1. How many residues does the range 85-97 hold that are surrounded by 12 or more Cβ atoms within 10 Å (Cβ to Cβ) and in a helix (DSSP H, G or I)?
2. Identify all residues within the range 207-223 that are among the β-branched types (Val, Ile, Thr) and either open to solvent by 30 Å² or more (accessible area, probe 1.4 Å) or under 17 Å from Ser274 (Cα atoms) (or both); write none if there are none.
3. When you check Leu445 against the structure, is it assigned to a loop (DSSP other than H, G, I, E, B) and aliphatic (A, V, I, L, M), yes or no?
4. For the range 378-424, which residues satisfy the criterion of being surrounded by fewer than 14 Cβ atoms within 10 Å (Cβ to Cβ) and of a type outside the set (A, V, I, L, M, F, W, C)?
5. Restricting to the range 392-417, name every residue that is among the hydroxyl-bearing types (Ser, Thr, Tyr) and more than 20 Å from Pro446 (Cβ to Cβ).
6. Among the residues that make up the range 116-133, is at least one of them among the polar types (S, T, N, Q) and in a helix (DSSP H, G or I)?
7. Output the residues belonging to the range 425-476 that are within 30 Å of Val343 (Cα to Cα), crowded, with 16+ Cβ neighbours inside 10 Å and aliphatic (A, V, I, L, M).
8. Based on this model, can you work out whether Arg317 counts as open to solvent by 40 Å² or more (accessible area, probe 1.4 Å) and in contact (Cβ under 8 Å) with a residue 40 or more places away in the chain?
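The values are calculated or read from the model by the stated rules, or taken from the named source; none is laboratory data. From a predicted model like this one, the values you see are computed outputs, not experimental measurements. We place every Cβ from the backbone using ideal geometry, glycine too, and count neighbours over all the protein chains shown. Protein only, heavy atoms only, side chains kept; ligands, DNA and RNA dropped before computing areas. Shrake-Rupley method; radii C 1.70, N 1.55, O 1.52, S 1.80 Å.
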Amino acid sequence: MMDEEATKRYCQKQAEQGSKVQVSQGEITIMPRRKRDELDAAEMKMTASDSSCCSSCISLSDRCPRPQGLINLLITKVCLFALLFGVVWSITGNECLPGGNLFGIVILFICSVLGGKLVGMIQLPTLPPFPPLLGMLLAGLVLRNVPYITNAIHIDTHWSAALRNIALSIILTRAGLGLDPSALRRLKAVCARVAIGPCVVEASVVAVVSHFLLGLPWVWGFILGFVLAAVSPAVVVPSMLLLQREGYGAEKGIPTLLMAAGSFDDILAITGFSTFLGIAFSTGATWMNILKGLLEVVGGMVAGLILGLFLCCFPSRDQEDVVLRRTVMLLGLSIFSVFFSHVIGFAGAGGLSTLVLSFLAALGWKADKTPVAAMVGRCWDVFQPLLFGLIGAEITIATLSPSTVGLGLACISIGLVVRLLVTFLLVHFGGFNLKEKLFIAVAWLPKATVQAAIGSKALDMAREDGDEALKKFGLDVLTLAVLAILTTAPIGALGIGLAGPRLLARQVKADDTEGGAVSPSSHEIGQEKDNVTLESKL
């Protein structure tokens, strides 16, 4: 038997000689150096084989072709969509399956976007493209009226009304941000006449005609009149920008006049609509209803004034991400104003408050409003397909009365003819020739955006009220709004594209003259025209 010190010395000696010593339960095991070397060699061999296997796998993966370009993009989007669907399905359950509310909204949005893209691709030579909103509207109309598809796509009326109100808030915010006080001061009386006269006269004529043809009460006739009286900036503005870029009418500032007057025209129509809508859903004496309508106008303007002044100060310019914070606060207050006005029973005040607060915020931000307006425009790009798709989905062709459609088209046609004549007469003293007056009258016809935004508002309030007669009146207003969009938007876009190059004088710069060399007199003329172009674009 060896004591502990002797055992320790023996093990140390064997280890120095290169042998491996293991001590367990009083027994000493000594592995010779040769055996140990063999084990180390085996381990090194296994490590080398593993590394060679990994390197071969890496080289093999490098040699294998990887999907690139369109295939990679398609696979990535399919995987992202499947992942998103899986997450949403795990949270909402049957809501995202066919027949569910969320499923219907997503399918409607996708179809509306595709419909807008397809219609936007239809472009004829020398003509502006068709407005994509037609494709969005037709997509909702088709989904609603195809027998088997309509059973799988169900959208709750409360969700639909809420989404349309959000879209309305964004439209009103863009209108307030787009108002140009300098343009109004520069164009003065002509802009005021073009913005106010045709809108008020057409609304009054449509109210009278619809009262006798469709049997609408006088208040509902004016609701319909102001819905149909607004011009569409979604059709007019792109067409005017195209003509201005080509130089048509730029010398007298016709595109600038129409773009500036369009915003004021829409605000006037929305104000009149909100006033008569509040009167229509008020109970009590007539003079009390009129007083309530005026109170809604005043209350909406005062609330917008307070909120607009608040936005001028908060958030301040020294904060981080000030553009994002201003956009969120602006849209948040706009949407809150529209929904809160419904809660307190003053439905017409919310729209006016949104217009005033966005206009005052733009005045306070001055040049800093441009990035905010751009972010609001991106939000509109998302809600525009939803708005027009939901409006189209509200119309069921099987339930439409042929007499309602025929008489409604008659009301729209009479209103358009009167609008043409009034516009032609009101620009008579604006320094325009006969062709330019005719073009301004034609360009003041198309209707789309405002009709889609406020056309269903009366029907939504009638559904909340539960009165069947009011529901019928609201459905008539919505039906005529959709008919006005389907008829006037393409006709207006084509009319502007065809009449602009033929009726407006094109301004040619001095650099475009033949030979590149110009006489002093022609050079002075070209310089004067360039100055006029710059003045008209400012």
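1. 7
2. Val208, Val219, Ile223 - these are the residues of the range 207-223 that are among the β-branched types (Val, Ile, Thr) and either open to solvent by 30 Å² or more (accessible area, probe 1.4 Å) or under 17 Å from Ser274 (Cα atoms) (or both).
3. Considered against the rule, which asks whether it is assigned to a loop (DSSP other than H, G, I, E, B) and aliphatic (A, V, I, L, M), Leu445 comes out as yes.
4. Arg378, Asp381, Thr396, Thr399, Ser401, Pro402, Ser403, Gly406, Ser413
5. Listed by number, the residues that qualify are Thr396, Thr399, Ser401, Ser403, Thr404.
6. Scanning the range 116-133 turns up no residue that is among the polar types (S, T, N, Q) and in a helix (DSSP H, G or I).
7. Ala448, Val450, Ala452, Ala453, Ile454, Ala458, Leu459, Met461, Ala462, Leu470, Leu475
8. yes
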